[in-house]
Amino acid sequence: MSQESGIKNQVKTIIHNSLFIIPSSKGFTFIELILYIAIVTIMLTAIVPFGWSIVTSGVKSSTQQEAYSQTRYVSERIKYEIRQASGILNVNPNSISLTNFSPDTNTVIDLSSGKVRINKNGTGAINLNSDDTNVTSLVFTNYTSPDQKTKHIGFILTIASNYSGQRQEYNETVTLRGSAEVRSN
């Protein structure tokens with residue numbers, strides 16, 4: 001038995017020495033240090049511009065989305081109001097006045113200080129576009145037929161983003177041409 005326990009101790013010592021004992025080195029050599037710094041520098045040189053482009057494309061994308069969604073919303077709301085009207089009172093280049101089915105009610109849609117406003121029955125104007133956008137142009141055109149059988153309004157709407165930064169690629173301008181017909185014909 002003593003021979004077996006001696007062999008077991010020798011095997012344990014060999015395994016212990018080969019697995020857990022690290023050769024004595026007191027640090028990195030100068031060449032290893034330069035090599036590690038070079039590898040880290042190359043990796044950061046590749047990663048940082050990629051990360052920066054992700055951040056900038058996110059800002060640009062959100063600016064574009066805001067301009068397009070506001071243009072779509074304002075356009076659809078103008079079309080809705082024209083379709084729901086019973087007639088057209090007045091069409092100016094920057095405003096329209098519509099009559100509604102209820103007696104003595106009207107709707108006015110106009111452009112004022114970069115905002116498209118809607119005023120129903122004189123209760124006060126409500127801005128249709130957000131503060132993040134600025135309407136640079138809104139032009140209404142009356143395409144009503146001479147015999148008044150078709151009452152049709154066309155419009156051209158231009159909305160720009162209100163990005164206050166200095167980078168021009170973050171500014172977005174959207175122009176949309178639309179039209180609608182009064183459905184009470």
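Can you pull out every residue in the range 156-185 that is closer than 24 Å to Ile88 by Cβ, in a loop (DSSP other than H, G, I, E, B) and in contact with a strand residue (DSSP E or B) (Cβ under 9 Å, 6 or more places away or on another chain)?
Val182, Ser184
Could you go through the range 44-61 and let me know if any residue there is touching a residue at least 24 places away in the same chain (Cβ under 8 Å) and in a loop (DSSP other than H, G, I, E, B).
Within the range 44-61, not a single residue is touching a residue at least 24 places away in the same chain (Cβ under 8 Å) and in a loop (DSSP other than H, G, I, E, B).
Just checking, does the range 169-183 include any residue being surrounded by 14 or more Cβ atoms within 10 Å (Cβ to Cβ), in contact with a Gly (Cβ under 9 Å, 6 or more places away or on another chain) and of a type in the set (Val, Ile, Thr)?
Looking for residues that are surrounded by 14 or more Cβ atoms within 10 Å (Cβ to Cβ), in contact with a Gly (Cβ under 9 Å, 6 or more places away or on another chain) and of a type in the set (Val, Ile, Thr), one finds at least one in the range 169-183, hence yes.
Which of the residues that make up the range 44-60 are surrounded by 10 or more Cβ atoms within 10 Å (Cβ to Cβ) and among the aromatic types (Phe, Trp, Tyr)?
Residue satisfying the conditions is Trp52 alone.
With the requirement that a residue be over 20 Å from Ile96 (Cβ atoms) and among the aliphatic types (A, V, I, L, M), what does the range 133-167 give you?
Ala160
Hey, can you tell me all the residues within the range 66-92 that are more than 30 Å from Tyr170 (Cα to Cα) and crowded, with 23+ Cβ neighbours inside 10 Å?
Result: Ile82, Ala85.
Can you find a residue in the range 133-155 that is in contact (Cβ under 8 Å) with a residue 40 or more places away in the chain, part of a loop (DSSP other than H, G, I, E, B) and within 17 Å of the chain's Cα centre (by Cα)?
no
For Phe101, all conditions in the list (1) of a type in the set (A, V, I, L, M, F, W, C); (2) closer than 30 Å to Gln168 by Cα; (3) part of a loop (DSSP other than H, G, I, E, B) hold save one; what is the number of the exception?
Exception for Phe101: condition (2).
Within the range 19-37, is even one residue assigned to a helix (DSSP H, G or I), at pLDDT below 65 and not hydrophobic (A, V, I, L, M, F, W, C)?
Among the residues of the range 19-37, not one is assigned to a helix (DSSP H, G or I), at pLDDT below 65 and not hydrophobic (A, V, I, L, M, F, W, C), which makes the answer no.
So the check is Cβ under 9 Å with 6+ separation or different chains; which pairs have a first residue in the range 81-102 that's modelled with pLDDT of 90 or more and a second one that's hydroxyl-bearing (Ser, Thr, Tyr) and part of a helix (DSSP H, G or I)?
Short answer, once both residue conditions are applied: none.
The values are calculated or read from the model by the stated rules, or taken from the named source; none is laboratory data. These numbers come from a predicted model, not from an experiment. Counting neighbours? That spans all protein chains shown, and the Cβs are built from the backbone with ideal geometry, glycine included.
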